[in-house]
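Since the structure comes first, as structure tokens, the remarks are kept for the end.
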Amino acid sequence: MSNPNPLSGRARARWPLLAGIAALVIYAVFLGRNAAVVAGGADSSGYLNSARLLLEGRLQAPLRAPSELGPAASLDGMHFLPQGFFPSRERGLLNPTYPTGLPLHLAAAHAVLGARAGTFAILLGAAVASVALMYRAARDLGLDRPLATAGAITLAAFPVFLFTSIQPLSDTLATTWTLAALVAGLRAGRSPGWAAVAGGAFAMATLVRPTNLLLAPALLLLVGLSPRRLLAFAAGGLPGAAWLAWYNHALYGHPLASGYGNIGAAFALHHGVPTALHFARWLALLLPTLLLALPFAAVSRGEFRDRRLTALAVAFLAITVCYAFYEVSHEVWWCLRFILPAVPALILAGLLGVEALARGPGARWPRAFRPAAAAALALWAVAAAVHWAPRLAVFEMRRYEQAYAAGATAAAARFKPDALVVCSAFSGSLYYYTPFAVLRSDQIGAEDFKRHAQRLHAAGREIGAVLFESEEVEAFRRCPGNWTREARVGNVGLWRLAPP
């Protein structure tokens, strides 16, 4: 018997949207169960400390130092510097090190939802938006639903993307705004309004990650040479550019300066070859390997040799080549997070390569080739994630980062609020969670520490320490004295310095 209530055309068109929304919700829940919403190491604590400053209407933080050591302005700020900050030109104040884009998002979310829920919202919202925009970009390139879905799954399963989406880092948010700019750029030919959106998204991408400025040539290729569209693109980016110039001038003394100081010293030509090999190896392992070759299939067909493919190539190469000369890019697998905003361009170019093959040798199977190729890429991406994520401890980040919150909580319970706490990796976390003045064991010498300790003990000030096991030997060499361990929380030790 035939179905007496067949699906209407409208219902048939709606079910892929509903299925996509359901998949994104499930993905967000999965990420949320593994997320580490903690002010932990230098990056996460730096962004969260900066967000709190913005929420309080401040740009700079006070240097916390015991009054017995003299006015804060007279002290060596490096001794009392939490990670994620740098001493200001105005003595006694601290400037955030990291760019302002992610802290602005966090501050807005914290104002509405509170610190913990707001951070969750930004982390998960950025990840889900990136995946959705990946699908949208593929569709706007003219690819069919199976290939667009495969592209979205490939990005969602990429272990580097998972790694940066479950902790307060800027990489996933930078990728979100990069994709938003690409989507708007692809649509810019429809109206100047989309060119303005592309300019605004480009500005946000640059606020989150300043090196995303290198995307400008790719976006201009998409926007085209129409004076109206170019003017709209510039107008869309103007508010973000004005904020960035004002913020940098206010904190660092120049519109083009940053909290990284002389970042140019970290780039050198001799890093290029080992980093390029490092990038190629890990991209081939963590993505479907064919994606690295498929863009050349797109180049082989004349109808794909247009400004869209050129823009994707420029977007990928501009960022990747830049970071190929960065001194730390080749150190570990997760350094691929530096080029994460460029990875969607590589995936999209690869999908265009699949479409080129579908119109060439794959034309013999017009109904089967695209779905089969899409399924193969999606399954390959998921299999790579299933294989590599446990081996790279991607989802152990929650446990690792939770050590910072646990250590800070234990220190707040054991030390007096006015204590001076010796630390290194914990410095940003303690600054965020506690009122303690922190003293950086990795920034002070033994003689300076002895002089500080003598004054503080004479005044009855408590001196403690919160250190990972791996930090203890070096910390006590630089900060000598009669240290007694008060407690241990996992691999974190809480210590107290006895008066001489």
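The numbers here are math on the coordinates, done by the rules we state, and not lab data. What you see is a predicted model, and the numbers here were worked out from it, not measured in a lab. In this analysis, Cβ positions are derived from the backbone assuming ideal geometry, glycine residues included, and neighbour counts consider all displayed protein chains.
Assorted remarks:
- Prolate/oblate/rounded label for the range 258-393 (Cα gyration tensor, a/c 1.5): oblate
- Label-point separation in nm, GLU68 to TRP243, each point 7 Å along Cα→Cβ: 4.4 nm
- Computed from Cα positions, the angle between helix 171-187 and the longest principal axis of the chain comes to roughly 30 degrees.
- The share of alpha-carbon pairs in the range 155-314 lying farther apart than 24 Å comes to 48%.
- Per-residue extension of 0.36 nm, minus the Cα-Cα distance of ALA265 and ASN34, leaves a gain of 79.5 nm for this segment.
- Placing +1 on each Lys and Arg Cβ and -1 on each Asp and Glu Cβ, with no other charges, gives the chain a dipole about its Cα centre of roughly 1540 debye.
- Compactness check for the chain: Cα Rg over 2.2 N^0.38 Å is 1.09.
- Prolate/oblate/rounded label for the range 338-377 (Cα gyration tensor, a/c 1.5): prolate
- Highest-first arrangement of 471-480, 195-204, 116-125, where packing means the average Cβ count within 10 Å: 195-204, 116-125, 471-480
- In terms of the mean number of neighbouring beta-carbon atoms within 10 Å, the peptides 409-419, 88-98 order highest first as 88-98, 409-419.
- Adding -39500 (n - 2.57) for every DSSP H run of four residues or longer, then dividing by how many residues the chain holds, sets the calculated 222 nm ellipticity at -19000 deg cm²/dmol.
- Once the Cα atoms are used to define both axes, helix 9-34 deviates from the longest principal axis of the chain by about 20 degrees.
- Charge dipole (the chain, unit charges on Cβ, about Cα centre) - positive-most of GLY261, THR178, PHE395: THR178
- Rounded to the nearest 20, the size of the Cβ-charge dipole of the range 270-345 about its Cα centre is 220 debye, with Lys and Arg at +1 and Asp and Glu at -1.
- Calculated FRET efficiency, ALA459 to ARG399, Cβ-Cβ distance, R0 = 41 Å: about 0.55 to the nearest 0.05.
- Square roots of five times the Cα gyration tensor eigenvalues for the range 103-392, Å: 30, 23, 19
- Sites GLU474 and ASP76, calculated FRET efficiency, Cβ-Cβ separation with R0 22 Å, nearest 0.05: 0.70
- On the beta carbon distance between LEU113 and LEU379, with R0 = 41 Å, the FRET formula returns roughly 0.65.
- Label sites at ALA234 and ALA406, each approximated as a point 7 angstrom past Cα along Cα to Cβ, lie 5.6 nm apart.
- C-alpha long axis of helix 192-208 to longest principal axis of the chain, angle in °: 30 degrees
- The stretch between ALA446 and LEU213, if pulled fully straight at 0.36 nm per residue, gains 79.5 nm over its current Cα-Cα span.
- For the pair TRP365 and HIS254, label points projected 7 Å from Cα toward Cβ lie 5.8 nm apart.
- Span from the the range 312-379 Cα centroid across to the the range 171-201 one, whole angstrom: 19 Å
- Under a 5 Å amide H cut-off, with hydrogens placed 1.01 Å from N, LEU93 pairs with LEU63, SER88 among residues at least 5 apart or on other chains.
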